[in-house]
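A short worksheet on the structure shown next.
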Amino acid sequence: MVIFKVTGGARIGLFNATWPFAKLIVSKEELVLRVLFLKYAFKPEDIITIKPYWEISYGLKIYHKVPNYNTHIVFWTSKNTQKLLQQIRSTGFLDV
């Protein structure tokens, strides 16, 4: 099983956590975003799409359909967002 992990920051609604207080962990079955004491877990069917996002810094915006999660979830990173998306795809998560 391929598991991909990267440390960064995150924005959940108006709440912002800087690096290194967020971690993105992706496997074929689940994408988890841990932000300080919060955990957002997504199954492939929960994800509408994941797109590069730019506001103040580069990141990935997670478009999802989990009713009790904030609609604005962004993982910030200093890594190239296209390469990050490729690494997420390499786990098989976005292909399910």
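The values are calculated or read from the model by the stated rules, or taken from the named source; none is laboratory data. Since this is a predicted model, take the numbers as computed values, not measurements. Cβ sites come from the backbone with ideal geometry, for glycine too, and all protein chains shown count toward neighbours.
The residues in segment 24-45 that are in a loop (DSSP other than H, G, I, E, B) and surrounded by 14 or more Cβ atoms within 10 Å (Cβ to Cβ) can be counted, and the count is 3.
Any idea how many residues of segment 46-62 are touching a helix residue (DSSP H, G or I) at 6+ places or on another chain (Cβ under 8 Å) and either modelled with pLDDT of 95 or more or assigned to a loop (DSSP other than H, G, I, E, B) (or both)?
So the count comes out to 3.
Lys65 fulfils the conditions (1) surrounded by fewer than 13 Cβ atoms within 10 Å (Cβ to Cβ); (2) modelled with pLDDT under 95; (3) within 17 Å of Phe93 (Cβ to Cβ) except for a single criterion, (2).
For segment 65-85, a residue qualifies if it is over 13 Å from the mean Cα position of the chain (by Cα), closer than 14 Å to Leu24 by Cβ and of a type outside the set (Lys, Arg), and exactly one does: Ser78. Out of everything in segment 1-23 that is in a strand (DSSP E or B) and touching a Lys or Arg at 6+ places or on another chain (Cβ under 7 Å), what residue ends up being surrounded by the fewest Cβ atoms within 10 Å (Cβ to Cβ)? It comes out as Lys5. Among the residues making up segment 68-96, those that are over 15 Å from Lys5 (Cα atoms) and either surrounded by 14 or more Cβ atoms within 10 Å (Cβ to Cβ) or at pLDDT 95 or above (or both) are Asn68, Tyr69, Asn70, Thr71, His72, Ile73, Val74, Leu94.
Keeping to segment 72-96, report how many residues are touching a residue at least 40 places away in the same chain (Cβ under 8 Å) and of a type in the set (S, T, N, Q). Residues in segment 72-96 being touching a residue at least 40 places away in the same chain (Cβ under 8 Å) and of a type in the set (S, T, N, Q): 5 in total.
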